[in-house]
Amino acid sequence: MAVYRALADDLTPTTDGDFARYAGVVVAECAADRGAWDDAEARLTSALAVERGRTTVLEGRICSSLAQVYRAQGRDYEGLMLARRAVAVADVTGPDTAR
């Protein structure tokens, strides 16, 4: 837990642009990997609020990661909706392997 919090505190605020947004998503995914679902959800929903509708690879990644968090929380419908959005973004932004 301390490692991902250190990343969030030290790296993200001092970095600009795309890298900062990616770093924030990685920090949220680390929280999810450790079962800190509430923290991961809060970070990912904040990231999605910034990225939503841009149809970027990052938006797809956020949707996919948040769908996994919702699945782990037993929130299947919400997870399904985000998974569908992740696939829609992948259709636009990446090769077939992105799906």
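The figures follow:
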read-out: Extreme residue, surrounded by the fewest Cβ atoms within 10 Å (Cβ to Cβ), among residues of segment 54-76 that are under 21 Å from Phe19 (Cβ atoms) and of a type in the set (Gly, Ala, Ser); value: Ser64
read-out: The lone exception for Ala49 - which of (1) buried (at least 18 other Cβ atoms within 10 Å of the Cβ); (2) modelled with pLDDT of 90 or more it fails; value: (1)
read-out: Single condition Asp9 does not satisfy, out of (1) open to solvent by less than 30 Å² (accessible area, probe 1.4 Å); (2) at pLDDT below 90; (3) among the acidic types (Asp, Glu); value: (1)
read-out: Scope segment 77-96; condition part of a loop (DSSP other than H, G, I, E, B) and open to solvent by 50 Å² or more (accessible area, probe 1.4 Å); matching residues; value: Pro95
read-out: Test result for Asp38, assigned to a helix (DSSP H, G or I), among the acidic types (Asp, Glu), modelled with pLDDT of 90 or more and loosely packed, with under 14 Cβ neighbours inside 10 Å; value: yes
read-out: All positions within segment 52-89 that are more than 12 Å from the chain's Cα centre (by Cα), basic (Lys, Arg) and at pLDDT 90 or above; value: Arg71, Arg75, Arg84, Arg85
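The values are calculated or read from the model by the stated rules, or taken from the named source; none is laboratory data. As the structure is a computational prediction, the values presented were derived from the model and not from experiment. Here Cβ is always computed from backbone atoms with ideal geometry, including for glycine, and neighbour counts include all displayed protein chains. Note: accessible area is taken over every heavy atom of the protein model, side chains too, but ligands, DNA and RNA are not part of it. Shrake-Rupley method; radii C 1.70, N 1.55, O 1.52, S 1.80 Å.
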